[in-house]
1. Which residue, of K46, K90, K112, K96, is open to solvent by 10 Å² or more (accessible area, probe 1.4 Å), modelled with pLDDT of 95 or more and either within 16 Å of the ligand (Cβ to nearest atom) or of a type in the set (V, I, T) (or both)?
2. Of all residues in region 299-318, which are modelled with pLDDT under 95 and open to solvent by less than 50 Å² (accessible area, probe 1.4 Å)?
3. Please find, among G207, G181, the residue that is surrounded by fewer than 24 Cβ atoms within 10 Å (Cβ to Cβ), within 13 Å of the ligand (Cβ to nearest atom), part of a loop (DSSP other than H, G, I, E, B) and touching a residue at least 12 places away in the same chain (Cβ under 8 Å).
4. Given the condition touching a Phe, Trp or Tyr at 6+ places or on another chain (Cβ under 6 Å) and open to solvent by less than 20 Å² (accessible area, probe 1.4 Å), answer yes or no: does some residue in region 12-26 qualify?
5. Among (1) outside any helix (DSSP H, G or I); (2) within 17 Å of K206 (Cα to Cα); (3) open to solvent by 90 Å² or more (accessible area, probe 1.4 Å); (4) not aliphatic (A, V, I, L, M), where does Y30 come up short?
6. Can we say A176 is over 13 Å from C249 (Cα atoms), open to solvent by less than 10 Å² (accessible area, probe 1.4 Å), in the same structural domain as A240 (by TED's automatic domain parsing) and of a type in the set (G, A, S)?
7. Which of the residues that make up region 191-201 are open to solvent by 10 Å² or more (accessible area, probe 1.4 Å) and within 16 Å of the ligand (Cβ to nearest atom)?
8. Kindly indicate the residue of region 61-82 that is touching a residue at least 24 places away in the same chain (Cβ under 8 Å) and away from the ligand (no atom under 16 Å from the Cβ) and also surrounded by the most Cβ atoms within 10 Å (Cβ to Cβ) among those meeting that condition.
Amino acid sequence: MKTLYFDNNATTQVAQEVLDSMLPYFREFYGNPSSMHTFGGQIYRKIEEAREQVALLIGSDPDEIIFTSCGTESNNTAIMSAIETNPTKKHVITTKVEHPAVLNFCKHLSRKGYRVTYLPVDSKGRLEIDSLLQVIDDDLALVSIMHANNETGVIFPIEKIGHILKERKVVFHTDAVQIVGKLPINVKDLPVDMLTLSGHKIHAPKGIGALYVRKGTRFYPYLIGGHQENGRRAGTENVAFIIGLGKACEIAAKSIQKEVGFVKHLRDKLENSLLSNCPDASINGDKENRLPNTSNISFEFVEGEAILLLLNEYGICASSGSACTSGSLEPSHVLRAMGVRNTAIHGSVRFSLSRYNQEREVDKVIEVMPEIIKNLRLISPFGQERLTGKGYAS
Ligand code: PLP
């Protein structure tokens with residue numbers, strides 16, 4: 001059975017060109033980029049080329065890019081760097097809807113005695129700037145706010161927030177893992193000090209990421225050891241994966257304008273059809289300000305996990321809540337923060353598309369979903385409650 005993959009916010013297929021670019025670095029060019037000999041030295045130059053490719057995608061200078069092992073490491077590094085370089089400040093601001101790579105790190109900081117403010121979002125998943133203005137104080141070491149949410153695709157006003165924080169000289173980090181490669185961004189227009197990206201969301205492999213650190217930002221390394229990455233991230237470079245990330249960024253930079261329209265067309269077709277043909281379905285998140293590839297839909301009075309299992313029988317991959325938390329049936333912290341009703345949270349499914357989706361794949365989902373929802377409602381106790389108009393307590 002062919003896999004119909006609609007879970008690209010969880011991870012993406014490695015592009016063939018990316019894989020091809022990486023392969024020589026496992027067996028042919030396996031030298032250590034720090035070595036004195038030409039065999040190693042040539043690899044150093046290739047890493048610098050990859051740095052240029054990443055920089056080009058986000059509009060930075062190459063020497064503002066640090067390669068890391070993943071988005072999680074980039075997020076941890078950014079937060080820890082701000083803490084280390086502002087030793088007298090004990091307040092951190094983030095939001096209630098961050099990825100666990102930020103949220104759980106902030107919880108760790110709370111246990112170490114830091115004061116963490118978690119900004120709320122409204123029912124459409126939007127951040128209210130006023131709530132940020134109210135909590136900025138002189139004790140602030142860092143603000144870390146994601147650029148786009150992984151579950152709903154809602155985009156936060158990072159440019160506006162950045163201007164506010166720059167005026168107040170507060171360090172600002174954004175987790176841009178979900179927006180990089182999906183929409184054009186340029187750090188020249190974004191007043192952020194640090195920005196996280198991750199390879200496996202943009203058709204590079206899992207286990208490679210990068211952190212942008214604006215020139216002049218005080219920085220303290222997270223991994224301490226050798227002098228790699230200009231002393232900003234120790235550890236022998238993951239050469240093949242760095243080359244792959246560079247290639248993925250090069251492809252994204254060239255094709256992003258065209259792909260935004262293509263992916264949005266497919267997403268909108270899927271979403272509009274499901275909303276029309278499945279009763280009691282609604283979008284989670286601000287429709288006007290979302291990633292073009294993401295659709296988070298609640299099918300009330302059914303279990304999202306049951307929907308996923310039945311979709312799976314057709315080879316269709318989607319997600320309920322974020323992939324990183326889907327091992328447990330804890331309701332999504334993002335939808336909870338938005339105040340979504342319990343009956344809707346439990347029936348939420350996220351479809352996330354990429355350049356590799358095809359119209360006929362979307363047509364297949366459109367064909368099977370209404371029947372799946374109808375059948376599940378017939379057997380689900382929640383569906384029965386829908387019929388009797390009771391619902392269940394939220
Ligand atoms: N931040 C966001 C918004 C994400 O969606 C993810 C992954 O799902 C991460 C960070 C973590 O990235 P990685 O899997 O590369 O550690």
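The values are calculated or read from the model by the stated rules, or taken from the named source; none is laboratory data. Computed from a predicted model, the values in this text were never measured in an experiment. Methodologically, a virtual Cβ is constructed for each residue, glycine included, from the backbone with ideal geometry; neighbour enumeration extends over all protein chains shown. SASA here: full protein model, heavy atoms, side chains in, ligands and nucleic acids out. Shrake-Rupley method; radii C 1.70, N 1.55, O 1.52, S 1.80 Å.
1. Sole residue among the options that is open to solvent by 10 Å² or more (accessible area, probe 1.4 Å), modelled with pLDDT of 95 or more and either within 16 Å of the ligand (Cβ to nearest atom) or of a type in the set (V, I, T) (or both): K96.
2. E300, F301, V302, G304, A306
3. Only one candidate passes the filter, namely G207.
4. No, there is no match, as no residue in region 12-26 is touching a Phe, Trp or Tyr at 6+ places or on another chain (Cβ under 6 Å) and open to solvent by less than 20 Å² (accessible area, probe 1.4 Å).
5. For Y30, the exception is condition (2).
6. So A176 fits the description; yes.
7. H200, K201 - these are the residues of region 191-201 that are open to solvent by 10 Å² or more (accessible area, probe 1.4 Å) and within 16 Å of the ligand (Cβ to nearest atom).
8. Among those residues, the one meeting the criterion is A82.
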